[in-house]
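Okay, so here's the structure we're looking at.
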Amino acid sequence: MSCIETDAPHQFNNAVMAYINLFTVRKRDYTQRVLERENFYFPIFEKYLTQYNLPTDLKYLAVVESSLIPTAKSPVGATGLWQFMGPTAGDLHLKRDEWIDERMAPEKATEAACKHLKYLYGIFHDWELVLAAYNWGAGSVQRVMRRSGKKTFWDLYPYMP
């Protein structure tokens with residue numbers, strides 16, 4: 001793993017290895033289907049990530065969030081490639097009404113995701129914590145940091161869902 005070049009720091013440990021095995025061995029067919037969509041979506045993601053001066057590796061976040069399905073909906077209501085909840089979408093000026101939901105618009109949602117990721121980086125200054133906050137909420141991560149006294153993602157990992 002140490003030879004893999006990434007824009008953001010990465011760590012190799014048992015938790016990471018478990019996910020590598022999950023997506024390369026146990027769910028290999030799923031991973032193949034998801035990555036068949038990358039040729040359409042990754043150029044869009046890379047354009048906006050570059051425009052916002054963010055690590056291009058963040059394009060894989062949408063793989064995890066939505067399997068690169070722009071109409072994906074989670075059981076709790078997160079929607080689109082980047083899985084925005086309604087309030088976050090509103091904060092990012094994505095239009096939602098009975099006719100349109102811009103969370104499902106690849107370009108608009110990607111630009112909103114970049115703005116949100118940049119905002120989170122301004123809070124945490126650490127990409128692993130940014131990803132945790134993207135998924136779980138900045139306030140939740142900050143609460144765990146205060147309660148545990150821990151400052152890094154891997155130190156906080158046992159305290160997070």
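The values are calculated or read from the model by the stated rules, or taken from the named source; none is laboratory data. Just so it is clear, the structure is predicted and the values come from calculations on it, not from any experiment. For neighbour counting, all protein chains shown are included, and Cβ atoms are generated from backbone atoms with ideal geometry for every residue, glycine included. Protein only, heavy atoms only, side chains kept; ligands, DNA and RNA dropped before computing areas. Shrake-Rupley method; radii C 1.70, N 1.55, O 1.52, S 1.80 Å.
Tabulated values for the structure
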quantity: Heavy-atom accessible area per residue - segment 18-161, 1.4 Å, Å²; calculated: 59
quantity: Lysine pairs within the chain, Cα separation less than 18 Å, 8 or more sequence positions apart or different chains; calculated: 12
quantity: Solvent-accessible area, 1.4 Å probe, carbon plus sulfur percent, for segment 100-155; calculated: 51
quantity: Stretch gain in nm, segment residue 53-residue 136, where the contour uses 0.36 nm per residue and the Cα spacing is subtracted; calculated: 27.5 nm
quantity: Pairwise FRET efficiency - residue 150 versus residue 98, Cβ, R0 = 45 Å, nearest 0.05; calculated: 0.55
quantity: Estimated dipole of segment 13-52 in Debye, rounded to 20 [Cβ of Lys and Arg +1, of Asp and Glu -1, Cα centre]; calculated: 140
quantity: For the chain, size of Cβ-based charge dipole, Lys and Arg +1, Asp and Glu -1, in debye; calculated: 480
quantity: Extension gain from residue 67 to residue 24, taking 0.36 nm per residue of separation minus the Cα-Cα distance; calculated: 14.0 nm
quantity: Gyration tensor verdict on segment 45-95 (Cα atoms; rounded if a/c is under 1.5, prolate if a/b is larger than b/c, oblate otherwise); calculated: oblate
